[in-house]
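Following: one structure in structure tokens, then a few remarks.
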């Protein structure tokens, strides 16, 4: 299998290049036979990529450590599932994984459009094959071939990074990769629209579900990554503005802006240049995110070894994308003129436009903060670190404006909002928002904190109070819209309210799914605001000693250290890949009432020198009790079960509303699925677009022709 896999990569490159050439020539000359050949090349490259990926997985499963990639990310003791996940554990395999998903989505796009949208498909296939060719060139010629051999066979591998030995490893990266790669389809259709000159809204209608699919995968991937960090990195947070965290968020921000702005083009025929630029920019950011992780130019817990050759190749490709996109847009500029203009500041068009500007403002702030260390090092020779304080200071106030627009944009009128429209839609929500702020202020949520008996203004507390007020306003807007829509349908159709509610969503999945997504964003903002009131206490305990941790919600936790157990590596547990486990047990009492015990661990892994931490988390609706085994002064003695080596240092955290971040992510997933679900018409059959017969090789026809 490994020999066939390596051979498949070398065969895939000329096939992909041939497909790219055939696609663009078919579009230019309107040759249906060449178009069919180009489409078949997509299927062929997909099959070859599956074969190459299967070869890599086979190398992991059968412990073929003569291969550099297998040796670097596996060992004999590694669990089988992590060996399968080895395909995307490191730089070499993850690039092949990117290509695998790219060809999967390319094949789906070609198959679903085999009898329709034929005027676009030659250029679509040409673009997709060009991108595939780029990744194949990187894999084969940039010193990152996953089939490269060491020249000898080590007895065992170096092992997988302990932080990657988590079930989140099997979920989070594939989600992000599906988000990155699925956006190649809208990008390819945008290029096809520019090359063919068909620049109305049809290409957007064709790719809307693809755009939402990419956005959905990116959103879920980001939330899962946050959860992974919260559980596995052992620092009590879920987002540290790490460069690669930032890189994954950049295309999501651009895609979010694009999803909003295309509504203006569809409804008012505006922002055609803007939308074309956004789709090109979003795709470039997916390549940039991949480049940032795979080049290792910026230090990150996600990045791999620095490879200058791959960095130059990625930079050249991104420059080619941006340059080509600008040339094509300038070429088609006369056909991209807006059909209407914004008539009023108080209109849905204006709100969506501000939404776009705010999203791009956040995007460029994050991009600048991420790249500034590289720029400073290149100019001055000194790398200046940009940390969370910069990102929070810039993005929190911008984010609050964005949150407010989430409630304004969907319900304000198109063209020009009247006073009656504004009063009708916003009086009650504004009142609710102000009322929530007043109630929270009354119970103690105030923009200051106590410091040595003195009240000091706290910017984070002020932002939190504002967030709760704005979030209440937006959620009120959403709830009122659902209420009014359900009530109207129940009256008109004489349906029970639950049935009317479900039918309401079914009749316009895009709109109501968007509202559910907005509700998820609101809940997540509230969860983020709760972090302003986190409690963090570090304490060293002997067995039998206790620590009292106050909760910002007004109660106390008493945690008593019961002792530490240890498990060393033996023949019986060798397959767990663990060298040792130190498990500290704590009894938990909440205001005197005994709760479930918590455990927190230190783990040592075979072939890895640095021990890792497994945290203990007690989650509830309003807060998490989060316990970290920060240090064991005499770790060797503890591992050997020496009685005097039980002293341990713990970090105790109480994180208010952190669970709301995950609840918000669940709302986003549900809303995304509602928007993606096919709309049913008639007798329950999916709505179908009029089709055009596929081109046949025996009778060449124009690529855009319809006929059987």
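Worth a mention:
- Span from the the stretch 596-669 Cα centroid across to the the stretch 368-407 one, whole angstrom: 30
- Sorted on the mean count of surrounding Cβ atoms within 10 Å across their residues, most packed first, peptides 124-130, 258-264 read 124-130, 258-264.
- As computed over the stretch 534-660, the Cα convex hull volume per residue (Å³): 118
- Gyration tensor (alpha-carbon) shape descriptor, the stretch 99-204, a/c threshold 1.5: prolate
- Computed over the Cα atoms of the stretch 250-393, pair by distinct pair, the Kirkwood hydrodynamic radius stands at 17.2 angstrom.
- Residue 499 versus residue 487: modelled label distance in nm, points set 7 Å from Cα along the beta carbon direction: 2.1
- Sequence ranges 617-628, 309-320, ranked by mean other-Cβ count within 10 angstrom, highest first: 617-628, 309-320
- Computing Cα extents along the principal axes in Å directly from the structure and comparing it against (1) 95, 67, 48; (2) 84, 64, 53; (3) 87, 77, 59 singles out (3).
- Whole-Å distance, taken between Cα centres, linking the stretch 108-150 and the stretch 525-550: 50
- Spatial separation of Cα centroids for the stretch 218-290 and the stretch 305-345, in angstrom: 17
- In a fully extended conformation the segment linking residue 115 and residue 79 would gain 8.4 nm over its present Cα-Cα distance, using 0.36 nm per residue.
- Classification of the stretch 77-148 by its C-alpha gyration tensor yields an oblate form. The axis ratio a/c (a ≥ b ≥ c) is 1.5 or more, and b/c is at least a/b.
- Using the Cβ-Cβ distance between residue 480 and residue 327 with R0 = 45 Å, the FRET efficiency computed as 1/(1 + (r/R0)^6) comes to roughly 0.40.
- Over the stretch 612-664, relative contact order from alpha-carbon pairs under 8 Å, at least 6 apart, %: 40
- Residues of the stretch 73-96 with an amide N closer than 18 Å to a point placed 7 Å from the Cα of residue 565 along the Cα-to-Cβ direction: none.
- The chain, helix-only ellipticity at 222 nm - DSSP H runs n ≥ 4, -39,500 (n - 2.57), divided by all residues, nearest 500: -20000 deg cm²/dmol
- A Förster radius of 35 Å, combined with the Cβ-Cβ distance separating residue 383 from residue 460, puts the computed FRET efficiency at roughly 0.80.
- Percent RCO, i.e. relative contact order, over the chain, from Cα pairs under 8 Å lying at least 6 residues apart: 14
- Cα gyration tensor shape of the stretch 1-165, rounded if a/c is under 1.5, else prolate or oblate by comparing a/b with b/c: prolate
- Packing-based order for 135-146, 423-434, using average beta carbon neighbours within 10 Å, highest first: 135-146, 423-434
- Cβ-derived FRET efficiency at R0 35 Å, residue 28 paired with residue 140, nearest 0.05: 0.80
Bear in mind that the values in this text are calculations on the coordinates, not laboratory data. Here the structure is a predicted model, which is why all the values come from computation and not from measurement. Virtual Cβ from ideal backbone geometry, glycine too; neighbours counted across all protein chains shown.
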